Amino acid sequence: MPRDGSDRRKKGLQAGRHSDTMMPMNSLGIENLKWQGLEVDINDSENSINIRFRGAIDMILPDSKLNPYFTRIHSAVVTSGFRIIVCDVRELDFINSSGIRCFLKWVMSILQVSSDKRYTIIFQISREMEWQEISLGFIKRLAPDCVKIESK
């Protein structure tokens, strides 16, 4: 097998960073994230990218990891032509103010691209977690053309 991993890319797989296991790769080419009690899984659907958040964003300085991660997602989405990103946060138990700022920065980056390359983030929230509607509702008010909220 070539050292550059080209056989892995052809099969839609990538090597795990800290193991010899292979992880499925989504069409954006971005790995899932597991970090300090937070899990982010990225999957393709027919017309959208689905991103599921589980756990909590309660660590100190989540922007050190999340801002670059969200920037990679944003760049890949703009390049790929997807126009809908579904962010399922129903299993996200908590998010601190620094984590909210990471989501806000991501949404604001959508407004920085030309209108023909913009996409919509649909946050799927739980009615049982009031903070989700309050915090993500604030982000929606700042960018109503780019953010939608679905209660489930």
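Among the GluC sites (Glu not before Pro) found in region 54-152, those both in a DSSP coil and sparsely packed, with 14 or fewer other Cβ atoms within 10 Å of their Cβ, are E128.
Compared with the alpha-carbon gap, the fully stretched path from R72 to D41 is longer by 9.7 nm at 0.36 nm per residue.
For region 31-102, the share of accessible area belonging to carbon and sulfur comes to 49 percent (1.4 Å probe, ligands and nucleic acids excluded). When its C-alpha radius of gyration is set against 2.2 N^0.38 Å (N residues), region 87-152 gives a value of 1.08. Computed with a 1.4 Å probe over protein heavy atoms only, the accessible surface of region 102-152 comes to 57 Å² per residue. Within a straight-line Cα-Cα reach of under 17 Å, K117 can be paired with the following aspartates and glutamates, leaving aside sequence neighbours fewer than 8 residues apart in one chain: D145.
Quick one: if the Förster radius is 30 Å, what FRET efficiency do T120 and I60 give, using the C-beta to C-beta distance and rounding to 0.05? Step by step, r from the Cβ atoms, then E = 0.45. Cα-based radius of gyration for region 42-152, normalised by 2.2 N^0.38 Å, reads 0.99. Accessible surface ranking for T71, T120, T79, 1.4 angstrom probe, highest first: T79, T71, T120.
The values are calculated or read from the model by the stated rules, or taken from the named source; none is laboratory data. Quantities reported herein were computed from a predicted structural model and do not represent experimental measurements. Don't worry about glycine lacking a Cβ; one is built from the backbone with ideal geometry, like all the others, and counts go over all protein chains shown. Note: areas computed on protein heavy atoms with side chains; ligands, DNA, RNA excluded. Shrake-Rupley method; radii C 1.70, N 1.55, O 1.52, S 1.80 Å.
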